[in-house]
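Structure, as structure tokens:
The values are calculated or read from the model by the stated rules, or taken from the named source; none is laboratory data. Since we're looking at a predicted model, the values are computed, not measured. Every residue, glycine as well, gets a Cβ built from its backbone with ideal geometry; the counts of neighbours run over all protein chains shown. To get the accessible areas, we keep the full protein, side chains included, count just its heavy atoms, and leave off ligands, DNA and RNA. Shrake-Rupley method; radii C 1.70, N 1.55, O 1.52, S 1.80 Å.
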Amino acid sequence: MKSTVYFADMRTSHKENLMGKIGRLLVRAGIADRIHQGDLVAVKVHFGERGNHTFVRPIFVRRVVEEIKKCGGMPFLTDSSTLYPGERKEAVSALTCAIENGFAYAVVGAPLIMCDGLRGGTAVDVPIAGELLKTVSIGAEIVEADAIIAVTHFKCHELTGFGGALKNLGMGCSSRAGKMVQHSTVAPKVAEKFCTGCGLCLKSCAHDAIAIIEGKAQIDPDKCVGCSRCITACLQKAVNIQWNEASDLVMTKLAEHAMGAVQNKEGKTVYINFITQVSPACDCYGHADAPIVNDIGICVSTDPVAVDQASADLVNNAPGNANTALQNGHEPGGDKFRGVYPHINWEVQLKHAEKIRLGTRTYELIKI
Ligand code: SF4
Ligand code: SF4
């Protein structure tokens, strides 16, 4: 069976601006059937790294917030801590970065709540019927929320070809432990030359997996459960994840984490993809390179697979921009994601998500 994806292009006039189109898209997609009086609604966004500028603009998110409130919902904006030691590695720095990027209450009209707590460890192990995984670690506030509206910047991604709604759910809603499962099969590693032997990581480990030996931290892989708390505990940035998982498996696990994020949300989700500023890499970087296609528009659906498939097709069917990271596939119909990352089979995430019945790749695109 086909899913419906509603689409608005970037054209506007004095009769209707883009904010008006966002509202109409949500109404057509049936947001009023999904959000009910008193629902606590997680608006899952990417707050953007400091220095990045391609995340979805806060004024667009405000329009989504307004539509949720019209339905009687109580929206909050949410995101999760990063796995790596960067500018958003725990709630304090992540929320500071978010506010500096414009996601302040005065702008978006909703409070900000990290879905995975202060240090990325406030999570629920959600049982799923995945092929690879039987439980996934999801940020507790995602599980607690009554509904999810995933607001996603659709762009290329260095590990998954593209990053869309599935990635916003799967990686973006998972705890640090969940991210670790997706990215690595082994324990973090200590870079001895940066380790001062201070012992902070040891105190952060609840599994007695770290010892200081001859003034340097050592992790026992047999005791390590991959919670990744030691990575953020280290002020020297000496503890690092080993990014060893293959791209296909990252995408497979990502789809299964997405399944966990929406496990108890049947009929309570809407996905809105902004196919704007389609940068070659994710918004976790502190910069954003030139877009590989011109701005295309906005897709909304209640099916995360269909909305990503439609967004990918729209990007691929657009003419590619010269003088960008796009190396080939510039012609309409050319594979833009392989044109940036030739070795990544981006379809894996869609195929697996469809296989585990998260949605369908078959869709009808209705232009509003
Ligand atoms: S916290 Fe960092 S510097 Fe301190 S002992 Fe652990 S790895 Fe070494
Ligand atoms: S990842 Fe977690 S369990 Fe493993 S050593 Fe670090 S703190 Fe301990």
Worksheet item: Hey, does segment 328-337 have a residue that's among the charged types (D, E, K, R) and open to solvent by less than 50 Å² (accessible area, probe 1.4 Å)?
Response: yes
Worksheet item: Does Ala187 satisfy the condition of being in contact with a helix residue (DSSP H, G or I) (Cβ under 8 Å, 6 or more places away or on another chain), within 16 Å of ligand 1 (Cβ to nearest atom) and modelled with pLDDT under 85?
Response: no
Practice prompt. Test Gly120 against the stated conditions and say whether it is in contact (Cβ under 8 Å) with a residue 40 or more places away in the chain, at positive phi and open to solvent by less than 30 Å² (accessible area, probe 1.4 Å).
Written response: yes
Worksheet item: Say we look at segment 237-261 and pick out the residues that are within 16 Å of ligand 1 (Cβ to nearest atom), of a type outside the set (Val, Ile, Thr) and modelled with pLDDT under 90; which of these is nearest to Phe162 (Cα to Cα)?
Response: Gln242
Discussion item. Could you list, ordered by first residue, the pairs with Cβ atoms under 9 Å in which the first is in segment 205-231 and under 22 Å from Glu90 (Cα atoms) and assigned by TED's automatic domain parsing to the domain that holds Tyr84 and the second is open to solvent by less than 30 Å² (accessible area, probe 1.4 Å) and more than 6 Å from ligand 2 (Cβ to nearest atom), at least 6 apart or interchain?
Written reply: none
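To keep it simple, each residue is scored yes or no on (1) open to solvent by less than 20 Å² (accessible area, probe 1.4 Å); (2) within 16 Å of the chain's Cα centre (by Cα); (3) within 16 Å of ligand 2 (Cβ to nearest atom).
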position: Gln236; (1), (2), (3): no, no, yes
position: Gln242; (1), (2), (3): no, no, yes
position: Glu256; (1), (2), (3): yes, yes, no
position: Tyr271; (1), (2), (3): yes, yes, no
position: Ile275; (1), (2), (3): yes, yes, no
position: Cys284; (1), (2), (3): no, yes, no
position: Pro291; (1), (2), (3): no, no, no
position: Pro304; (1), (2), (3): yes, yes, no
position: Asp308; (1), (2), (3): yes, yes, no
Worksheet entry | Lone unmet requirement of (1) open to solvent by 40 Å² or more (accessible area, probe 1.4 Å); (2) of a type in the set (Lys, Arg); (3) in contact (Cβ under 8 Å) with a residue 24 or more places away in the chain; (4) farther than 22 Å from Glu144 by Cα for Arg11 | (3)
Practice prompt. Taking only segment 190-211 into account, find how many residues are open to solvent by 60 Å² or more (accessible area, probe 1.4 Å) and more than 6 Å from ligand 1 (Cβ to nearest atom).
Written response: 8
